[in-house]
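**Student:** The structure follows.
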Amino acid sequence: FVEKIIRKSLQTSLPVSCIEGFSHVLEASKSMNFPKKPKKIYTCKNFDQDEVFKMHVAECVSKNNSKYYIGQHGNNYFTKLDSNYSVEYKTCDHFISWGKNNFKKTIPVYNFTIIKPIIREKKFLSIVCRAERNNYEPVSRKTETQSDINLVKILTDHLPKIVQQKVVIKLKDNLTNMSGLKKKFLILDNSVSFMDLMKKTRIAFFNYDSTGFLENLNLDIPTIACWPDLFGHLNSKALVDYKKLLDSRIIFRSPIDAAKHISNNWQNVDEWWSSKEVKSTVNFFKSKYSKDSFNNNFVNKLSNIL
């Protein structure tokens, strides 16, 4: 039965570039204005869906012995269950990361997406929501997405009115079925940038383990998070680090507990965020996964690496 399903879906599941489109992609890569024999190649995201670029890299590595460098472009590297098997990590010669870790190919630098602090007005409880799950993830997308939305609904229902009046919710463009929240709160889409929202944020809340969560630690913005199955996506090596976040009440198992924490600290959030325990945990987590880049020239650093 399983074999029948695989045989039936195989022809529509494989990328065209792997079947009849291979020659076309190869010719397209040759027609691009790429360097013909580069000594080194560096990218932060073209390894993902840019088939023409990937073909060029494969040709250069196999025929010219070019060295291939990849820069970290988002969260969950070295923490996800499948992080050891990420294609970008397995195929590169060196991986330029945001923090320090024990992976052999890694060159630890810092989070080079955040280059300077920001000044905040400290107005809103900004809730940043996860997009609908990707179609390549082995989950029921509709069920999982609804769980993400329900978590936000529970959180906001348990906030006092004074905080509810300050709630702003930022959605991804493909997230739907938010009608219950749209009637009560200000909803922002991708036309408002994440950084512009953070400039007006008093406390940030994430309903997923987000890149923005790491960036906020670098920006020193009071930030908490809660998502379904809190530790389910983590590998064993990262689990102890996330438990430090849990113990310091930066992440929560329950949206009700997160709402209580927001309520208790709304008026004196900086006092909580600047406490010795929280600062120690944040600094530890940043050192491993998202080191501060302030007062560092990433261009010069990258030039020295390459």
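The values are calculated or read from the model by the stated rules, or taken from the named source; none is laboratory data. Being a predicted model, the structure only gives us computed values, none of them experimental. Neighbour counts run over all protein chains shown; Cβ positions are idealised from the backbone, glycine included. Surface accessibility is based on the protein's heavy atoms, side chains included, excluding ligands, DNA and RNA. Shrake-Rupley method; radii C 1.70, N 1.55, O 1.52, S 1.80 Å.
**Student:** Could you please find all residues in the range 74-94 being of a type in the set (A, V, I, L, M, F, W, C) and open to solvent by 80 Å² or more (accessible area, probe 1.4 Å)?
**Tutor:** 81, 87
**Student:** Further question: Could you grab me the full set of residues in the range 247-289 that are open to solvent by 40 Å² or more (accessible area, probe 1.4 Å), more than 19 Å from residue 215 (Cβ to Cβ) and hydrophobic (A, V, I, L, M, F, W, C)?
**Tutor:** Across the range 247-289, the qualifying residue is only 256.
**Student:** Quick check on my filter: what residues within the range 182-200 are modelled with pLDDT of 95 or more and more than 19 Å from the chain's Cα centre (by Cα)?
**Tutor:** Once the filter is applied, which keeps residues that are modelled with pLDDT of 95 or more and more than 19 Å from the chain's Cα centre (by Cα), the range 182-200 yields 199, 200.
**Student:** So, residue 192, is that one of a type in the set (A, V, I, L, M) and not in a loop (DSSP other than H, G, I, E, B) or not? Before the answer, list the steps.
**Tutor:** Values: of a type in the set (A, V, I, L, M): yes; not in a loop (DSSP other than H, G, I, E, B): no.
Judged against the criteria, residue 192 is not a match.
**Student:** Now, a different point. Give me a count of the residues in the range 82-98 that are of a type in the set (Gly, Ala, Ser) and in contact (Cβ under 8 Å) with a residue 40 or more places away in the chain.
**Tutor:** Number of matching residues: 1.
**Student:** Can you list residue pairs whose Cβ atoms sit under 7 Å apart, with the first residue in the range 99-120 being aliphatic (A, V, I, L, M) and the second being part of a strand (DSSP E or B) and open to solvent by 60 Å² or more (accessible area, probe 1.4 Å)? Count only pairs 6 or more apart in sequence or on different chains.
**Tutor:** 107/94
**Student:** Still on this model: I'd like to check something: does the range 10-31 contain any residue that is under 19 Å from residue 211 (Cα atoms), open to solvent by less than 80 Å² (accessible area, probe 1.4 Å) and at pLDDT 85 or above?
**Tutor:** no
**Student:** Now a separate question. Looking at (1) over 26 Å from residue 204 (Cβ atoms); (2) in contact with a Cys (Cβ under 6 Å, 6 or more places away or on another chain), which is the only condition residue 64 fails?
**Tutor:** Unmet condition: (2).
**Student:** Oh, and also: Against the condition open to solvent by less than 20 Å² (accessible area, probe 1.4 Å) and at pLDDT below 90, how does residue 71 come out, does it pass?
**Tutor:** no
**Student:** Checking residue 244 against (1) in contact with a Ser or Thr (Cβ under 8 Å, 6 or more places away or on another chain); (2) closer than 28 Å to residue 165 by Cβ; (3) of a type in the set (Lys, Arg): exactly one of these is not met. Which one?
**Tutor:** The number of the failed condition is (2).
**Student:** Shifting gears a bit: Go through the range 249-267 and give me each residue that's closer than 16 Å to residue 231 by Cβ and hydrophobic (A, V, I, L, M, F, W, C).
**Tutor:** 250, 251, 252, 258, listed by residue number.
**Student:** Next question, about the same structure. When the residues of the range 253-302 are narrowed to those that are touching a residue at least 60 places away in the same chain (Cβ under 8 Å) and assigned to a loop (DSSP other than H, G, I, E, B), which ends up nearest to the chain's Cα centre (by Cα)?
**Tutor:** Filtering first and then ranking leaves 290.
**Student:** Out of the residues in the range 151-181 that are assigned to a loop (DSSP other than H, G, I, E, B) and open to solvent by 70 Å² or more (accessible area, probe 1.4 Å), state the one that is modelled with the lowest pLDDT.
**Tutor:** The residue in question is 174.
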